[in-house]
Amino acid sequence: MECKEILIKIANEYYKILGNNLIGIYVHGSIAFGCFNPNKSDIDFIVVVNNIPSLEEKEALVQTLLCLNEEVPDKGYEMSVVLSRFCKEFIYPTPFELHYSIAHLHRCKDNLREYCISMNGMDKDLAAHFTVIKKVGYTIWGKPITEVFGDVPKENYLDSIKEDIGNATEEISGNSIYFILNLCRVLAYKNEGLILSKEQGGLWGKEKLPEEFR
(Lines give C-alpha, C1' and ligand atoms only; values in the text may rest on other atoms or scores of the structure.)
Protein backbone atom coordinates (compact mmCIF):
# COMPACT_ATOMS: atom_id res chain seq x y z
CA MET A 1 0.00 0.00 0.00
CA GLU A 2 1.32 3.47 -0.91
CA CYS A 3 2.13 5.92 1.91
CA LYS A 4 -0.54 8.43 0.93
CA GLU A 5 -3.16 5.67 0.76
CA ILE A 6 -2.14 4.49 4.24
CA LEU A 7 -2.29 8.03 5.61
CA ILE A 8 -5.77 8.60 4.19
CA LYS A 9 -6.89 5.33 5.77
CA ILE A 10 -5.45 6.47 9.13
CA ALA A 11 -7.12 9.87 8.78
CA ASN A 12 -10.52 8.30 8.20
CA GLU A 13 -10.12 6.10 11.27
CA TYR A 14 -8.86 8.99 13.40
CA TYR A 15 -11.86 11.12 12.49
CA LYS A 16 -14.15 8.25 13.56
CA ILE A 17 -12.32 8.14 16.89
CA LEU A 18 -11.92 11.86 17.59
CA GLY A 19 -14.83 13.44 15.73
CA ASN A 20 -14.94 17.23 15.87
CA ASN A 21 -12.04 17.30 18.32
CA LEU A 22 -9.73 16.58 15.38
CA ILE A 23 -8.30 19.76 13.82
CA GLY A 24 -6.09 18.07 11.25
CA ILE A 25 -3.40 15.56 10.34
CA TYR A 26 -0.15 16.90 8.89
CA VAL A 27 2.72 15.10 7.16
CA HIS A 28 6.39 15.93 7.76
CA GLY A 29 9.70 14.07 7.42
CA SER A 30 11.02 12.31 4.33
CA ILE A 31 7.58 11.97 2.71
CA ALA A 32 7.10 15.74 2.81
CA PHE A 33 10.60 16.32 1.44
CA GLY A 34 10.03 13.82 -1.38
CA CYS A 35 12.89 11.52 -0.40
CA PHE A 36 11.02 8.65 1.30
CA ASN A 37 12.98 5.39 1.30
CA PRO A 38 10.86 2.36 2.23
CA ASN A 39 13.95 0.57 3.55
CA LYS A 40 15.04 3.37 5.88
CA SER A 41 12.21 5.89 6.38
CA ASP A 42 9.20 6.00 8.68
CA ILE A 43 5.83 7.62 8.00
CA ASP A 44 5.84 10.88 9.98
CA PHE A 45 2.70 12.81 10.89
CA ILE A 46 1.30 15.13 13.55
CA VAL A 47 -2.29 14.90 14.82
CA VAL A 48 -3.66 18.24 16.04
CA VAL A 49 -6.64 18.30 18.41
CA ASN A 50 -8.59 20.93 20.34
CA ASN A 51 -8.79 19.03 23.62
CA ILE A 52 -6.90 16.19 25.28
CA PRO A 53 -8.27 12.86 23.99
CA SER A 54 -9.71 10.42 26.50
CA LEU A 55 -7.70 7.36 27.48
CA GLU A 56 -9.98 5.17 25.37
CA GLU A 57 -9.45 7.44 22.38
CA LYS A 58 -5.69 7.34 22.84
CA GLU A 59 -5.78 3.55 22.91
CA ALA A 60 -7.86 3.51 19.72
CA LEU A 61 -5.41 5.87 17.96
CA VAL A 62 -2.44 3.62 18.71
CA GLN A 63 -4.42 0.44 18.02
CA THR A 64 -5.19 1.77 14.53
CA LEU A 65 -1.46 1.96 13.82
CA LEU A 66 -0.82 -1.48 15.30
CA CYS A 67 -3.49 -2.98 13.06
CA LEU A 68 -1.86 -1.42 9.98
CA ASN A 69 1.66 -2.37 11.00
CA GLU A 70 1.97 -5.17 8.42
CA GLU A 71 1.09 -2.80 5.57
CA VAL A 72 3.91 -0.30 6.11
CA PRO A 73 7.73 -0.28 5.79
CA ASP A 74 9.83 -1.81 8.57
CA LYS A 75 10.35 1.53 10.39
CA GLY A 76 6.60 2.02 10.67
CA TYR A 77 5.19 5.32 11.91
CA GLU A 78 6.18 8.30 13.99
CA MET A 79 3.06 10.01 15.26
CA SER A 80 2.43 12.67 17.90
CA VAL A 81 -0.84 14.16 19.15
CA VAL A 82 -0.54 17.87 20.01
CA LEU A 83 -3.05 20.44 21.24
CA SER A 84 -3.87 23.16 18.70
CA ARG A 85 -2.98 26.00 21.07
CA PHE A 86 0.67 24.86 21.17
CA CYS A 87 0.81 24.70 17.38
CA LYS A 88 -0.42 28.26 17.00
CA GLU A 89 1.26 29.83 20.04
CA PHE A 90 4.46 27.81 20.09
CA ILE A 91 6.35 27.00 23.27
CA TYR A 92 9.61 25.07 23.59
CA PRO A 93 9.95 22.25 24.43
CA THR A 94 6.47 21.54 23.12
CA PRO A 95 3.87 19.57 25.10
CA PHE A 96 2.39 16.46 23.50
CA GLU A 97 -0.54 14.28 24.55
CA LEU A 98 0.49 11.01 22.90
CA HIS A 99 3.39 9.68 20.87
CA TYR A 100 4.02 6.45 19.00
CA SER A 101 6.91 5.02 17.01
CA ILE A 102 8.22 1.54 16.20
CA ALA A 103 10.56 1.83 19.19
CA HIS A 104 7.50 1.45 21.44
CA LEU A 105 5.84 -1.41 19.54
CA HIS A 106 6.44 -4.16 22.10
CA ARG A 107 5.50 -1.94 25.01
CA CYS A 108 2.19 -1.13 23.30
CA LYS A 109 1.50 -4.79 22.61
CA ASP A 110 2.32 -5.77 26.19
CA ASN A 111 0.15 -3.15 27.92
CA LEU A 112 -1.47 -0.57 25.68
CA ARG A 113 -3.41 1.10 28.48
CA GLU A 114 -0.34 1.65 30.65
CA TYR A 115 1.53 3.01 27.63
CA CYS A 116 -1.22 5.50 26.78
CA ILE A 117 -1.47 6.67 30.39
CA SER A 118 2.25 7.44 30.60
CA MET A 119 3.13 8.56 27.06
CA ASN A 120 2.82 12.34 27.28
CA GLY A 121 5.13 15.19 28.18
CA MET A 122 7.46 17.64 26.39
CA ASP A 123 9.35 17.01 23.16
CA LYS A 124 12.06 19.19 21.58
CA ASP A 125 11.65 17.31 18.28
CA LEU A 126 8.30 18.99 17.68
CA ALA A 127 10.03 22.30 16.91
CA ALA A 128 11.70 20.64 13.93
CA HIS A 129 8.53 18.80 12.89
CA PHE A 130 6.42 21.99 12.95
CA THR A 131 9.07 23.88 10.98
CA VAL A 132 9.18 21.19 8.31
CA ILE A 133 5.37 21.10 8.14
CA LYS A 134 5.30 24.85 7.47
CA LYS A 135 8.11 24.58 4.91
CA VAL A 136 7.25 21.46 2.86
CA GLY A 137 4.55 19.53 4.76
CA TYR A 138 1.00 18.92 3.64
CA THR A 139 -2.43 18.27 5.08
CA ILE A 140 -3.92 14.78 4.90
CA TRP A 141 -7.11 15.84 6.66
CA GLY A 142 -8.38 19.05 8.23
CA LYS A 143 -7.61 22.75 8.28
CA PRO A 144 -4.85 24.32 6.14
CA ILE A 145 -1.37 24.44 7.66
CA THR A 146 -1.36 28.26 7.65
CA GLU A 147 -4.40 28.30 9.94
CA VAL A 148 -3.01 25.80 12.44
CA PHE A 149 0.73 26.39 12.81
CA GLY A 150 2.42 29.58 13.95
CA ASP A 151 6.09 30.45 13.61
CA VAL A 152 8.79 28.45 15.39
CA PRO A 153 11.66 30.70 16.57
CA LYS A 154 14.87 29.99 14.65
CA GLU A 155 16.83 29.31 17.82
CA ASN A 156 14.32 26.63 18.85
CA TYR A 157 14.50 24.92 15.45
CA LEU A 158 18.31 24.93 15.56
CA ASP A 159 18.37 23.53 19.08
CA SER A 160 15.87 20.86 18.03
CA ILE A 161 17.90 19.56 15.08
CA LYS A 162 21.11 19.75 17.14
CA GLU A 163 19.53 17.18 19.48
CA ASP A 164 19.90 14.61 16.68
CA ILE A 165 23.68 15.06 16.63
CA GLY A 166 24.27 15.47 20.34
CA ASN A 167 25.82 12.00 20.67
CA ALA A 168 27.56 11.97 17.27
CA THR A 169 31.07 11.79 18.73
CA GLU A 170 30.26 8.57 20.59
CA GLU A 171 28.00 6.89 18.05
CA ILE A 172 28.96 8.01 14.55
CA SER A 173 31.08 4.92 13.87
CA GLY A 174 28.05 2.69 14.40
CA ASN A 175 25.57 4.77 12.38
CA SER A 176 27.72 6.87 10.10
CA ILE A 177 25.20 7.65 7.34
CA TYR A 178 22.59 8.97 9.78
CA PHE A 179 25.01 11.19 11.67
CA ILE A 180 26.94 12.52 8.68
CA LEU A 181 23.76 13.56 6.86
CA ASN A 182 22.35 15.13 10.02
CA LEU A 183 25.59 17.01 10.67
CA CYS A 184 25.39 18.43 7.16
CA ARG A 185 21.75 19.38 7.66
CA VAL A 186 22.49 21.24 10.89
CA LEU A 187 25.47 23.05 9.37
CA ALA A 188 23.41 24.08 6.32
CA TYR A 189 20.86 25.71 8.62
CA LYS A 190 23.49 27.28 10.87
CA ASN A 191 25.44 28.73 7.92
CA GLU A 192 22.72 29.52 5.39
CA GLY A 193 19.34 29.17 7.13
CA LEU A 194 18.34 26.23 4.91
CA ILE A 195 15.67 23.77 6.08
CA LEU A 196 16.71 20.48 4.50
CA SER A 197 16.09 16.77 4.62
CA LYS A 198 19.00 14.47 5.48
CA GLU A 199 19.41 13.69 1.77
CA GLN A 200 19.43 17.38 0.86
CA GLY A 201 21.88 18.01 3.69
CA GLY A 202 24.26 15.47 2.23
CA LEU A 203 24.03 17.05 -1.22
CA TRP A 204 24.66 20.47 0.32
CA GLY A 205 27.72 19.07 2.09
CA LYS A 206 29.14 17.62 -1.13
CA GLU A 207 28.95 21.07 -2.67
CA LYS A 208 29.78 23.37 0.23
CA LEU A 209 32.14 21.54 2.62
CA PRO A 210 35.92 21.79 2.29
CA GLU A 211 37.25 19.36 -0.32
CA GLU A 212 38.78 16.95 2.21
CA PHE A 213 35.36 16.23 3.73
CA ARG A 214 33.37 15.69 0.55
Restrict the check to the stretch 73-89 and report whether at least one residue is assigned to a strand (DSSP E or B), of a type in the set (Asp, Glu), touching an Asp or Glu at 6+ places or on another chain (Cβ under 9 Å) and under 25 Å from Asn37 (Cα atoms). yes
Among the listed residues Thr139, Thr64, identify the single one that is modelled with pLDDT of 95 or more, among the β-branched types (Val, Ile, Thr) and in a helix (DSSP H, G or I). Thr64
Given the options Ile46, Ile23, Ile10, name the one that is open to solvent by 10 Å² or more (accessible area, probe 1.4 Å) and either of a type outside the set (Ser, Thr, Tyr) or in a strand (DSSP E or B) (or both). Ile23
Which residues, taken from the stretch 119-136, are surrounded by fewer than 17 Cβ atoms within 10 Å (Cβ to Cβ) and part of a helix (DSSP H, G or I)? Lys135
Considering the stretch 140-152, residues that are open to solvent by less than 50 Å² (accessible area, probe 1.4 Å) and not aromatic (Phe, Trp, Tyr), and then whichever is farthest from Gly24 (Cα to Cα), we arrive at Val152
How many residues are at pLDDT below 95 and under 14 Å from Leu65 (Cα atoms) if we restrict to the stretch 2-32? 3
Just one of (1) touching a helix residue (DSSP H, G or I) at 6+ places or on another chain (Cβ under 8 Å); (2) surrounded by fewer than 14 Cβ atoms within 10 Å (Cβ to Cβ) trips up Pro38, so point out which. (1)
Would you confirm whether or not the stretch 124-133 contains a residue that is modelled with pLDDT of 95 or more, in contact with a Ser or Thr (Cβ under 7 Å, 6 or more places away or on another chain), closer than 23 Å to Val48 by Cβ and among the small types (Gly, Ala, Ser)? yes
Can you give me the number of residues within the stretch 89-118 that are open to solvent by less than 30 Å² (accessible area, probe 1.4 Å), free of Cβ contacts under 8 Å to residues at least 60 places away in the same chain and not hydroxyl-bearing (Ser, Thr, Tyr)? 8
Of everything in the stretch 172-207 that's open to solvent by 90 Å² or more (accessible area, probe 1.4 Å) and part of a helix (DSSP H, G or I), which residue is nearest to Gly29 (Cα to Cα)? Glu199
Selection over the stretch 96-118 where residues are of a type in the set (A, V, I, L, M, F, W, C) and closer than 24 Å to Val152 by Cα yields a count of 2
Look through Glu147, Glu171 and report the one residue that is of a type in the set (Asp, Glu) and under 20 Å from Lys40 (Cα atoms). Glu171
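The values are calculated or read from the model by the stated rules, or taken from the named source; none is laboratory data. Computed from a prediction, not measured in an experiment: that's the story for all the values here. Positions of Cβ are generated from backbone atoms using ideal geometry, with glycine treated the same way; all protein chains shown enter the neighbour counts. Areas reflect the complete protein model, heavy atoms only, side chains present, ligands, DNA and RNA absent. Shrake-Rupley method; radii C 1.70, N 1.55, O 1.52, S 1.80 Å.
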